[in-house]
Each structure stands twice: as structure tokens, then as C-alpha cells.
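Only one structure is covered here, and it is reproduced in the block below.
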Amino acid sequence: MTAITEATKTLMEIRDLQVHFALHETFKSRITGRGGRAVKAVDGVSFDLEEGEVLGLVGESGSGKTTLGRALLGLVRPTGGSVKLRGEELAGLPERQLRPKRRHLQMVFQDPHASLNPGMTLETALAHPLQIHKLTSGAAETKAKVREVLELVNLSPVDQFSYRLPGDLSGGQKQRAAIARAIITSPDLVVADEPISMLDMSVRAKILDLMIDLKKRLGLTYVYVTHDLASAKFFCDRVAIMYLGRIVEIGTVEQIFNDPKHPYTQALIRAIPEPDPTKALPRDLPRGEVPDAAAPPLGCSFHPRCPKAFGPCGWETRDLRSILDERWTNAGEEAYTTERGLFGDLEKLEIGHEAVVPAGSGRDPSELVKMLEEIRAEDPDEPLWKGVKDIQPETHGVRVTFEPGIDPELYDTDGSRVACLLYKPE
């Protein structure tokens, strides 16, 4: 791993990077291209990438880590924001201007079986980028460069491997070939997207060791995309934890693993399996599933699953409905029928910090108020209630008002930066 010091130069600056994918949900919106929602795969990400470091992008499926990695390379066009390589803006460049930069920005894909052309020998596949970028002056120089890179990734004897097809290789050998193709243009940055997740356990450590060796020899900078915290701890200098398109915590490996600040980071680290049969499995992991990225929660996106959430985290009517659904899922048939009859159609609840919860047909709204207060009294430690500001009966239902939510920024703590209101400066 690389020691990040004040003398380290910044390779890439990312500011407020956004990648949104439009969802055309109706026939009209498909025809006009307007009116659909958007999945905010990357939503306002900012960080600096230093020369020679390994930065891990860690998160669950759907966190946006792969899309962010692709956006850094220009493989996905940003919706907004800035990506600068050594001070030169890349975001928004037309393909004609971006193409010459690609030799400096390479990627190792997750699936080694799909990332190589099955009809090309390794020599042909590795020579291809050299020819595209005109990095060699002739066939002899190209062949020599290919041989050199095959030696670097330990695919030897070179005379045998040069003429092999991908189908003749094992999974680990294919990934070595993919790494060789990525480094043959002498790139500044390599984005490795889950490079070991599809490999046998016996091969994974060898591939990471190879990548570390290549970093030292060639002065590479890596962005390592993974859901595997254990490998990130071994391989990375810094780690950025992502959740629903945003970085929620970023710091050195030591800071993240020894003193995690964000409740999501803490939960991920507690979930790392340990080979100790006497150690009980954690029971305080985040509840529920990752929310819909096309309609993310208000305020802090993690608040519906967070055990430490409080008033200003962004509570809303969808959270109340989730609590009711969870309660009724665990209730008996009679209790469910009695309670559900007090409520009207919850499908039509407006999304926001204030809404009228409809009363059931012929039911007095005051009954609904009483029911909600009873639910609160039964579980006063439920984080949702910390955000409820007022519950008042109205003509056709109950108006529930929540505390205004605050969208957390990355706040400086003891070394790391954390997007959590628990660390918001006074």
C-alpha cells in the first residue's frame, strides 16, 4: 500500500459528479423522452485521487460504485459535475476528444470470461490497443511489447501463451490477460471492477498480489470497486463507502476499519464473517432492503434502515407506512383486520414531510390518532417517532408532520469524512 503524504500529487479531481439514468415509464414519455423519473446512480460525489494510491469503492449492489468507476473513465457520460485528469476536464468531452485520453485510463472488468474476444489470440488482443493508440512503430516493436507485458503478469512461457485463445485459459489466467491488456498502454489510472469476485478462492490473493506488484513497478493508481471489505482492507490505501449513489464515509483503511463513524460503515464491518465458531452472528444489521434509487428517501438516504437515526434525518410518510406494513406482517389475522380497518388507502399517501393519512370508511379520525399514539407507546425507541413533530385529526384523516430533514454533507472528523448528521458541526 502507498503512504499518502502531503507531497503526493493529485491525479484526478472529482467534484459533484452525477450520473442519472432516465426511466421512461409511460407510452407518452417513451415517445417524447420526457416526464420519466431518473435513477440517480451517482448523486453528487466529490473526492481527490492521489497518484500511486489504491482507492476502494465499497458498497452493496446498487450503491453506484461500478457506475462511478465507469464515469471516471468516460465509459458512462456524466449528467453533471466535473472530472479532471491532471487539471484537464474530461466530463462532457465528445468522444473524438476523449479517445486519445483513453490510453491513460484503463479498466479491468469483473468477468474475465466475457472481457476477452474468444476469437483473438492473446498476442492479437494485447496488440490491439497498441495499434489503436499508435504506441509502437512496427510489428517487431509491438510483438516485443506484448511479450514484455505477458512476462509482467506471469503468463509464461510467453511463446506458448502468446498464441493461446481465451478458451484455452483458466479463470485466473484470463484475468491476468485482462490485466495485461489494461497496463499495456502505460495508463495513469486503472479501474478494477470486482476483479477477483468470479475467481476461485485459491487464485484471488495471487491476483491482488500481482496488482500490487504492478503498481510498484509501473507507478499505477487504482480505483478498486468491490463489495468485499476483507479484500479492500488488504489491498487499498483509502476506502470510500457508497450508499445509493453517494459517498457516506471516506478515509484511510486504518480509520475506516479501526474507527468507523457512519452507522452504515459500522454495519458493513460487523457483517464481515469471522472464522470463529464461538462468536455469535450480529443481530443489529440494517433492517429492510436498499431503497429504490429512482425514489430515494428524503434527507439521509440511509435513515430508514439506521439504528441511530433521529429527528432531522429526513423522516417522511413512506417511513410511517413501512412501520405499519412491518407491524401488520407480524400481527395475527384478527389484530390486522381491526387495525387495518382504521386506515384508508395508504397507496395514495403523498411523499413528503407532511401528509394526511386517510381514515377508513366511516371511521372517526380520532380513532386513528389513538391508534398511532398506541403504536408509539408500544415501541418508543423506534427511530421514526423521533422525527414525528405532530399528529392532528382532520376531517377525513390524520395529518402527520415530521421534522424538516437535513441532507448531510461530508463532515470532517478525526481523519475521515462522514456524511452523517451525528457529526454535523454545531
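Considering only the range 327-363, state which residues are free of Cβ contacts under 8 Å to residues at least 12 places away in the same chain and not hydrophobic (A, V, I, L, M, F, W, C).
Thr329, Asn330, Gly332, Glu333, Glu334, Tyr336, Thr337, Thr338, Glu347, Lys348, Gly362
Going through the range 1-36 one residue at a time, which ones are within 20 Å of the chain's Cα centre (by Cα) and at pLDDT below 90? Reasoning before the result, please.
Restricting attention to the range 1-36, the residues satisfying the condition of being within 20 Å of the chain's Cα centre (by Cα) are 12-23.
Correct list: Ala22, Leu23.
Given (1) at positive phi; (2) loosely packed, with under 15 Cβ neighbours inside 10 Å, identify the lone condition not met by Gly81.
Only one criterion in (1) at positive phi; (2) loosely packed, with under 15 Cβ neighbours inside 10 Å is unmet by Gly81, namely (2).
Among the residues of the range 305-315, is there at least one that is over 26 Å from Gly62 (Cα atoms), surrounded by 12 or more Cβ atoms within 10 Å (Cβ to Cβ) and at pLDDT 90 or above?
Going through the range 305-315, the residues over 26 Å from Gly62 (Cα atoms) turn out to be 311.
If we keep only those that are surrounded by 12 or more Cβ atoms within 10 Å (Cβ to Cβ) too, we end up with 311.
Adding the requirement that they be at pLDDT 90 or above leaves 311.
Checked against the condition, which is being over 26 Å from Gly62 (Cα atoms), surrounded by 12 or more Cβ atoms within 10 Å (Cβ to Cβ) and at pLDDT 90 or above, the range 305-315 yields at least one hit.
Being surrounded by 15 or more Cβ atoms within 10 Å (Cβ to Cβ) and touching a helix residue (DSSP H, G or I) at 6+ places or on another chain (Cβ under 8 Å) is the filter; apply it to the range 332-345 and report the residue that is farthest from Thr395 (Cα to Cα).
So the first thing to find is which residues in the range 332-345 are surrounded by 15 or more Cβ atoms within 10 Å (Cβ to Cβ), and the list is 339, 342-344.
Applying the additional criterion that residues be touching a helix residue (DSSP H, G or I) at 6+ places or on another chain (Cβ under 8 Å) yields 339, 342-343.
Working: Glu339: 19, Leu342: 14, Phe343: 14 Å.
Across the range 332-345, the extreme among qualifying residues is Glu339.
Restrict the check to the range 348-366 and report whether at least one residue is out of contact with any helix residue (DSSP H, G or I) (no Cβ under 9 Å at 6 or more places or on another chain) and at pLDDT below 90.
Within the range 348-366 (the criterion being out of contact with any helix residue (DSSP H, G or I) (no Cβ under 9 Å at 6 or more places or on another chain) and at pLDDT below 90), the answer is yes, since at least one residue qualifies.
Which of the residues belonging to the range 373-389 are closer than 15 Å to Glu326 by Cα and exposed (fewer than 10 other Cβ atoms within 10 Å of the Cβ)?
Glu378, the sole residue that qualifies.
Could you figure out which of (1) outside any helix (DSSP H, G or I); (2) within 34 Å of the chain's Cα centre (by Cα) isn't true of Lys386?
(1) is the only condition that Lys386 fails.
Looking at Arg204, Arg102, Arg96, Arg176, which is the one that is in a helix (DSSP H, G or I), farther than 18 Å from Val223 by Cβ and within 24 Å of the chain's Cα centre (by Cα)? Don't jump to the end; show me each part of the working.
Numbers: Arg102 fails: farther than 18 Å from Val223 by Cβ; Arg96 fails: within 24 Å of the chain's Cα centre (by Cα); Arg176 fails: within 24 Å of the chain's Cα centre (by Cα).
Result: Arg204 is the single residue among Arg204, Arg102, Arg96, Arg176 that is in a helix (DSSP H, G or I), farther than 18 Å from Val223 by Cβ and within 24 Å of the chain's Cα centre (by Cα).
Could you say whether any residue in the range 183-200 is of a type in the set (D, E, K, R), at pLDDT below 95 and either out of contact with any strand residue (DSSP E or B) (no Cβ under 9 Å at 6 or more places or on another chain) or under 19 Å from Glu51 (Cα atoms) (or both)? Quick ask: steps written out before the conclusion?
Here is the first cut: in the range 183-200, the ones of a type in the set (D, E, K, R) are 188, 193-194, 200.
Keeping just the survivors that are at pLDDT below 95 gives 200.
Those still in the list that are either out of contact with any strand residue (DSSP E or B) (no Cβ under 9 Å at 6 or more places or on another chain) or under 19 Å from Glu51 (Cα atoms) (or both) too: 200.
For the range 183-200, residues of a type in the set (D, E, K, R), at pLDDT below 95 and either out of contact with any strand residue (DSSP E or B) (no Cβ under 9 Å at 6 or more places or on another chain) or under 19 Å from Glu51 (Cα atoms) (or both): present.
Would you confirm, using the coordinates I've provided, whether Leu214 is surrounded by fewer than 17 Cβ atoms within 10 Å (Cβ to Cβ) and under 30 Å from Leu150 (Cβ atoms)? Break it down into steps so the answer makes sense when it comes.
On the way: surrounded by fewer than 17 Cβ atoms within 10 Å (Cβ to Cβ): no; under 30 Å from Leu150 (Cβ atoms): yes.
So Leu214 does not fit the description; no.
From the list Leu116, Leu150, pick out the single residue that is surrounded by 15 or more Cβ atoms within 10 Å (Cβ to Cβ), free of Cβ contacts under 8 Å to residues at least 60 places away in the same chain and of a type in the set (A, V, I, L, M). Write out each step before concluding.
Numbers: Leu116 fails: free of Cβ contacts under 8 Å to residues at least 60 places away in the same chain.
It is Leu150.
Give me the residue from the range 392-417 that is crowded, with 16+ Cβ neighbours inside 10 Å and aliphatic (A, V, I, L, M) and, out of that set, farthest from Pro312 (Cα to Cα).
Val398
From the residues in the range 389-406 that are in contact (Cβ under 8 Å) with a residue 40 or more places away in the chain and in contact with a Leu (Cβ under 8 Å, 6 or more places away or on another chain), which one is farthest from Tyr264 (Cα to Cα)?
We begin by selecting, within the range 389-406, every residue in contact (Cβ under 8 Å) with a residue 40 or more places away in the chain; these are 396-406.
After this cut, where a residue has to be in contact with a Leu (Cβ under 8 Å, 6 or more places away or on another chain) as well, the list is 397-398, 400, 405-406.
On the way: Gly397: 36, Val398: 33, Val400: 28, Gly405: 19, Ile406: 18 Å.
Among those that are in contact (Cβ under 8 Å) with a residue 40 or more places away in the chain and in contact with a Leu (Cβ under 8 Å, 6 or more places away or on another chain), it is Gly397.
When the residues of the range 37-51 are filtered to those that are within 25 Å of Pro297 (Cα to Cα) and not charged (D, E, K, R), which remaining residue is modelled with the lowest pLDDT? Working first, answer last.
Residues of the range 37-51 that are within 25 Å of Pro297 (Cα to Cα), as a first pass: 37-47.
Next, only the ones that are not charged (D, E, K, R) stay: 38-39, 41-42, 44-47.
Working: Ala38: 89, Val39: 93, Ala41: 95, Val42: 97, Gly44: 96, Val45: 98, Ser46: 97, Phe47: 97.
The selected residue is Ala38.
Would you check which residues across the range 37-92 are outside any loop (DSSP other than H, G, I, E, B), free of Cβ contacts under 8 Å to residues at least 60 places away in the same chain and of a type in the set (A, V, I, L, M) and list them?
Across the range 37-92, the qualifying residue is only Ala71.
Any residue at all in the range 346-358 that is surrounded by 16 or more Cβ atoms within 10 Å (Cβ to Cβ) and more than 35 Å from the chain's Cα centre (by Cα)? Even if it seems obvious, please write down each step before you answer.
To start, the set of residues in the range 346-358 that are surrounded by 16 or more Cβ atoms within 10 Å (Cβ to Cβ) comprises 349, 353, 355-358.
Next cut, more than 35 Å from the chain's Cα centre (by Cα) only: 358.
Taking every residue of the range 346-358 in turn, at least one turns out to be surrounded by 16 or more Cβ atoms within 10 Å (Cβ to Cβ) and more than 35 Å from the chain's Cα centre (by Cα).
The values are calculated or read from the model by the stated rules, or taken from the named source; none is laboratory data. These numbers come from a predicted model, not from an experiment. Don't worry about glycine lacking a Cβ; one is built from the backbone with ideal geometry, like all the others, and counts go over all protein chains shown.
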